[in-house]
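First comes the structure, then the notes that go with it.
The values are calculated or read from the model by the stated rules, or taken from the named source; none is laboratory data. None of these values were measured; they are calculated from a predicted model. Virtual Cβ from ideal backbone geometry, glycine too; neighbours counted across all protein chains shown. The accessibility values were calculated without ligands, DNA or RNA, using every heavy atom of the protein model including side chains. Shrake-Rupley method; radii C 1.70, N 1.55, O 1.52, S 1.80 Å.
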Amino acid sequence: MKDLVQLVEPMIPALRRYARALLHDRAVADDLVQDCLERVISHWMQRRDAKDTRQWVFAILHNLAMRGLRQQSRRGLHLALEEMDEADMSTPAPQEHRVRHQELMRALDQLPEDQRSVLLLVSVEDMSYAEAAATLEIPIGTVMSRLARARQRIRAMMDGEIDMPSPTDTHPAKRTTLRRLK
(Lines give C-alpha, C1' and ligand atoms only; values in the text may rest on other atoms or scores of the structure.)
Protein backbone atom coordinates (compact mmCIF):
# COMPACT_ATOMS: atom_id res chain seq x y z
CA MET A 1 0.00 0.00 0.00
CA LYS A 2 2.96 2.30 0.62
CA ASP A 3 4.01 2.06 -3.05
CA LEU A 4 0.45 2.98 -4.07
CA VAL A 5 0.67 6.28 -2.21
CA GLN A 6 4.19 7.01 -3.46
CA LEU A 7 3.29 6.34 -7.11
CA VAL A 8 -0.23 7.76 -7.33
CA GLU A 9 -0.20 10.79 -5.05
CA PRO A 10 2.16 12.85 -7.27
CA MET A 11 -0.17 12.21 -10.23
CA ILE A 12 -3.22 13.83 -8.66
CA PRO A 13 -2.59 17.38 -9.95
CA ALA A 14 -2.05 16.04 -13.49
CA LEU A 15 -5.19 13.91 -13.21
CA ARG A 16 -7.18 16.96 -12.12
CA ARG A 17 -5.81 19.05 -15.02
CA TYR A 18 -6.66 16.36 -17.55
CA ALA A 19 -10.15 15.84 -16.09
CA ARG A 20 -10.86 19.58 -16.10
CA ALA A 21 -9.67 19.92 -19.67
CA LEU A 22 -11.95 17.07 -20.74
CA LEU A 23 -15.04 18.10 -18.79
CA HIS A 24 -14.80 21.90 -18.38
CA ASP A 25 -16.44 21.67 -14.96
CA ARG A 26 -14.28 21.80 -11.85
CA ALA A 27 -16.73 20.00 -9.55
CA VAL A 28 -17.47 17.21 -12.03
CA ALA A 29 -13.75 16.86 -12.79
CA ASP A 30 -12.91 16.55 -9.10
CA ASP A 31 -15.61 13.89 -8.72
CA LEU A 32 -14.14 12.06 -11.71
CA VAL A 33 -10.66 12.12 -10.16
CA GLN A 34 -12.13 10.81 -6.91
CA ASP A 35 -13.85 7.96 -8.77
CA CYS A 36 -10.61 7.25 -10.60
CA LEU A 37 -8.61 7.09 -7.38
CA GLU A 38 -11.18 4.79 -5.82
CA ARG A 39 -10.92 2.50 -8.83
CA VAL A 40 -7.09 2.61 -8.67
CA ILE A 41 -7.10 1.65 -4.99
CA SER A 42 -9.63 -1.15 -5.43
CA HIS A 43 -7.82 -2.60 -8.47
CA TRP A 44 -4.24 -1.90 -7.38
CA MET A 45 -3.26 -5.56 -7.24
CA GLN A 46 -4.66 -6.19 -10.74
CA ARG A 47 -2.30 -3.82 -12.56
CA ARG A 48 -0.01 -5.61 -14.98
CA ASP A 49 3.30 -3.84 -14.57
CA ALA A 50 4.62 -1.38 -12.03
CA LYS A 51 6.39 0.56 -14.80
CA ASP A 52 3.16 1.54 -16.56
CA THR A 53 1.35 2.90 -13.49
CA ARG A 54 0.98 6.41 -14.96
CA GLN A 55 -0.57 5.12 -18.19
CA TRP A 56 -2.78 2.72 -16.26
CA VAL A 57 -4.13 5.48 -13.98
CA PHE A 58 -4.68 7.90 -16.87
CA ALA A 59 -6.41 5.15 -18.85
CA ILE A 60 -8.81 4.58 -15.94
CA LEU A 61 -9.54 8.32 -15.74
CA HIS A 62 -10.01 8.58 -19.50
CA ASN A 63 -12.36 5.60 -19.65
CA LEU A 64 -14.43 6.90 -16.74
CA ALA A 65 -14.65 10.34 -18.39
CA MET A 66 -15.74 8.91 -21.73
CA ARG A 67 -18.37 6.76 -20.07
CA GLY A 68 -19.67 9.81 -18.19
CA LEU A 69 -19.75 11.94 -21.35
CA ARG A 70 -21.68 9.24 -23.21
CA GLN A 71 -24.19 9.03 -20.36
CA GLN A 72 -24.53 12.81 -20.25
CA SER A 73 -25.11 13.04 -24.00
CA ARG A 74 -27.89 10.48 -23.72
CA ARG A 75 -29.52 12.36 -20.84
CA GLY A 76 -29.18 15.87 -22.25
CA LEU A 77 -28.62 19.13 -20.37
CA HIS A 78 -30.85 19.80 -17.37
CA LEU A 79 -30.46 23.03 -15.46
CA ALA A 80 -33.07 24.70 -13.31
CA LEU A 81 -33.19 28.47 -13.47
CA GLU A 82 -33.10 28.62 -9.68
CA GLU A 83 -29.71 26.84 -9.70
CA MET A 84 -28.08 29.56 -11.81
CA ASP A 85 -26.62 32.65 -10.22
CA GLU A 86 -26.07 36.07 -11.78
CA ALA A 87 -22.44 35.35 -12.60
CA ASP A 88 -23.54 32.52 -14.92
CA MET A 89 -25.83 34.85 -16.83
CA SER A 90 -23.36 37.72 -17.22
CA THR A 91 -20.51 38.01 -19.69
CA PRO A 92 -16.99 39.05 -18.72
CA ALA A 93 -15.28 42.07 -20.25
CA PRO A 94 -13.82 41.35 -23.69
CA GLN A 95 -10.07 41.67 -23.05
CA GLU A 96 -7.98 40.32 -25.89
CA HIS A 97 -6.29 37.52 -23.96
CA ARG A 98 -9.59 36.35 -22.53
CA VAL A 99 -11.20 36.32 -25.96
CA ARG A 100 -8.27 34.42 -27.47
CA HIS A 101 -8.39 31.89 -24.62
CA GLN A 102 -12.11 31.37 -25.14
CA GLU A 103 -11.53 30.89 -28.87
CA LEU A 104 -8.90 28.28 -28.13
CA MET A 105 -11.22 26.47 -25.71
CA ARG A 106 -14.05 26.52 -28.29
CA ALA A 107 -11.65 25.22 -30.93
CA LEU A 108 -10.61 22.46 -28.56
CA ASP A 109 -14.27 21.60 -27.97
CA GLN A 110 -14.83 21.31 -31.74
CA LEU A 111 -12.17 18.65 -32.15
CA PRO A 112 -13.35 15.07 -32.42
CA GLU A 113 -13.00 13.31 -29.07
CA ASP A 114 -10.19 11.02 -30.25
CA GLN A 115 -8.08 13.97 -31.43
CA ARG A 116 -8.82 16.05 -28.33
CA SER A 117 -7.77 13.23 -26.00
CA VAL A 118 -4.46 12.75 -27.78
CA LEU A 119 -3.78 16.50 -27.89
CA LEU A 120 -4.48 16.90 -24.18
CA LEU A 121 -2.36 13.94 -23.14
CA VAL A 122 0.64 14.90 -25.27
CA SER A 123 0.50 18.70 -25.09
CA VAL A 124 -0.97 19.39 -21.68
CA GLU A 125 0.04 16.32 -19.67
CA ASP A 126 3.42 16.10 -21.42
CA MET A 127 3.13 12.38 -22.13
CA SER A 128 5.30 10.81 -24.77
CA TYR A 129 3.64 9.36 -27.84
CA ALA A 130 4.24 5.88 -26.46
CA GLU A 131 2.69 6.76 -23.10
CA ALA A 132 -0.35 8.31 -24.77
CA ALA A 133 -0.69 5.26 -27.02
CA ALA A 134 -0.60 2.95 -24.01
CA THR A 135 -3.08 5.13 -22.10
CA LEU A 136 -5.60 5.20 -24.93
CA GLU A 137 -4.81 1.63 -26.04
CA ILE A 138 -4.12 2.63 -29.64
CA PRO A 139 -1.04 2.26 -31.89
CA ILE A 140 1.66 4.93 -31.66
CA GLY A 141 1.16 5.81 -35.34
CA THR A 142 -2.48 6.57 -34.63
CA VAL A 143 -1.41 8.88 -31.79
CA MET A 144 0.94 10.74 -34.14
CA SER A 145 -1.63 11.13 -36.91
CA ARG A 146 -4.42 12.21 -34.53
CA LEU A 147 -2.09 14.72 -32.90
CA ALA A 148 -1.04 16.15 -36.27
CA ARG A 149 -4.67 16.44 -37.40
CA ALA A 150 -5.69 18.02 -34.08
CA ARG A 151 -2.92 20.62 -34.23
CA GLN A 152 -3.69 21.41 -37.86
CA ARG A 153 -7.39 21.79 -37.13
CA ILE A 154 -6.81 23.99 -34.06
CA ARG A 155 -4.46 26.19 -36.07
CA ALA A 156 -6.99 26.50 -38.91
CA MET A 157 -9.82 27.38 -36.50
CA MET A 158 -7.70 29.95 -34.67
CA ASP A 159 -6.65 31.53 -37.98
CA GLY A 160 -10.27 31.71 -39.14
CA GLU A 161 -9.86 29.22 -41.97
CA ILE A 162 -12.51 26.97 -40.40
CA ASP A 163 -15.66 28.45 -38.92
CA MET A 164 -16.32 27.85 -35.25
CA PRO A 165 -19.71 28.32 -33.63
CA SER A 166 -20.05 31.56 -31.74
CA PRO A 167 -20.05 31.39 -27.94
CA THR A 168 -23.79 32.09 -27.92
CA ASP A 169 -24.62 29.08 -30.09
CA THR A 170 -26.25 26.37 -28.02
CA HIS A 171 -26.21 23.74 -30.72
CA PRO A 172 -22.99 22.40 -32.17
CA ALA A 173 -22.48 22.93 -35.87
CA LYS A 174 -23.91 20.16 -37.98
CA ARG A 175 -21.28 18.32 -39.91
CA THR A 176 -21.93 17.36 -43.45
CA THR A 177 -21.33 13.76 -44.23
CA LEU A 178 -19.73 12.55 -47.41
CA ARG A 179 -20.82 9.44 -49.17
CA ARG A 180 -18.81 7.52 -51.66
CA LEU A 181 -20.70 6.87 -54.88
CA LYS A 182 -19.59 4.30 -57.38
Taking a label point 7 Å from the Cα of Lys51 along the Cα→Cβ vector, which residues of segment 115-137 have an amide N closer than 16 Å to it?
128-135
Could you state the principal axis extents of the C-alpha atoms in segment 1-150, from the largest down, to the nearest angstrom?
49, 36, 30
Once the piece of chain linking Met164 and Met84 is laid out straight, how much longer is it, given 0.36 nm per residue of separation minus the C-alpha distance between them?
26.2 nm
Once neighbouring chains are kept in place and the probe is 1.4 Å, which whole percent of the accessible area of segment 1-156 is contributed by carbon and sulfur?
52 percent
